[in-house]
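The values are calculated or read from the model by the stated rules, or taken from the named source; none is laboratory data. Every value quoted in this text rests on a predicted model; they were computed, and no experiment measured them. Backbone-built Cβ (ideal geometry, glycine too); neighbour counts: all protein chains shown. When the accessible area is computed, the model is the full protein with side chains, heavy atoms only, and any ligands, DNA or RNA have been set aside. Shrake-Rupley method; radii C 1.70, N 1.55, O 1.52, S 1.80 Å.
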Amino acid sequence: MSKELRSNFHEQLAEIGAGIARMSAGVTELVPRATQILLDGDLEAAEYVILGDDEYDAKAVELEERCFSVIALQAPVASDLRSLVSAIKIIADIERSADLCVNICKAARRIYSHDLDPSLRGVIQKMGDQARVLFKEATEAYINLDGPRAAALHDMDSYLDDLQRQFIQVIFESHAAGTIDLQVAVQLAVVARFFERIGDHAVNVGDRVRYIVDGWVPEHPYAESVNDPPEIVDGVVVPAAQG
């Protein structure tokens, strides 16, 4: 590859990386926005986020197509190829996380006008805060190609998993006490899963950063968490068994 072609190639890689960083930073801001919409029951803001998802979808497609084009035309190898292959996977994780924020806003519409007691609101806020921190750290790890920072995401995600389990228990207790009805309980259980999956996607981004840096591959790549929403048995919310 000539010096001029090489320079153009690295410019393309840098532009793709910058686009991914902007998308990821956008999701970092979207998580607390969706959390607040859920807590406030803000229908107008929920609609704004839902309609804005098309922009994330379009950007994801654009960046993926650029990655495929560079691979096809430049035939990269070694770390450059790892960067592009990982970029395609990271774009999907970011786009899916934006979808999950939209899902939280849709859930906010479904439970509109239902009051949430302080215990539920407190755990929702904690889950939103931790999901945001995870995505912020994943973004910084990608921008700086920081392997140790990326590796730390696994431990940070464990805390979000714990919060999800705690939230399921609070949902069960609130439903048993009659402070929330069955449909609200179900919606909140699903919301807990949305937050938990955002954390999983952030971890995936971190794992792919580690692959870019030194070729590290997880032993069991990208398995979903075993945390599941509660089951509904005879109209009663029952926490799912944890694996």
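Does the range 181-193 contain at least one residue that is closer than 30 Å to Ala18 by Cα, at pLDDT 95 or above and surrounded by fewer than 23 Cβ atoms within 10 Å (Cβ to Cβ)? For the range 181-193, residues closer than 30 Å to Ala18 by Cα, at pLDDT 95 or above and surrounded by fewer than 23 Cβ atoms within 10 Å (Cβ to Cβ): present.
Each row is one residue, and each column tells you yes or no for (1) assigned to a helix (DSSP H, G or I); (2) in contact with a helix residue (DSSP H, G or I) (Cβ under 6 Å, 6 or more places away or on another chain); (3) among the aliphatic types (A, V, I, L, M).
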site: Met127; (1), (2), (3): yes, yes, yes
site: Leu163; (1), (2), (3): yes, yes, yes
site: His175; (1), (2), (3): yes, yes, no
site: Val184; (1), (2), (3): yes, no, yes
site: Asn204; (1), (2), (3): yes, yes, no
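The single residue among Leu39, Leu73 that is modelled with pLDDT of 95 or more and either under 30 Å from Leu116 (Cβ atoms) or open to solvent by 90 Å² or more (accessible area, probe 1.4 Å) (or both) turns out to be Leu39. Just one of the numbered conditions (1) farther than 22 Å from Tyr211 by Cα; (2) open to solvent by 10 Å² or more (accessible area, probe 1.4 Å) is not true of Pro148: (1). Put simply, of Tyr48, Tyr56 the only residue that is aromatic (Phe, Trp, Tyr), in a helix (DSSP H, G or I) and over 18 Å from the mean Cα position of the chain (by Cα) is Tyr48. Taking residues in the range 128-153 that are acidic (Asp, Glu), and partners anywhere that are buried (at least 20 other Cβ atoms within 10 Å of the Cβ), the pairs with Cβ atoms closer than 7 Å and at least 6 places apart or on different chains are Glu137/Leu153. None of Arg33, Arg82 is open to solvent by 70 Å² or more (accessible area, probe 1.4 Å) and either under 14 Å from Tyr142 (Cβ atoms) or part of a helix (DSSP H, G or I) (or both) except Arg33.
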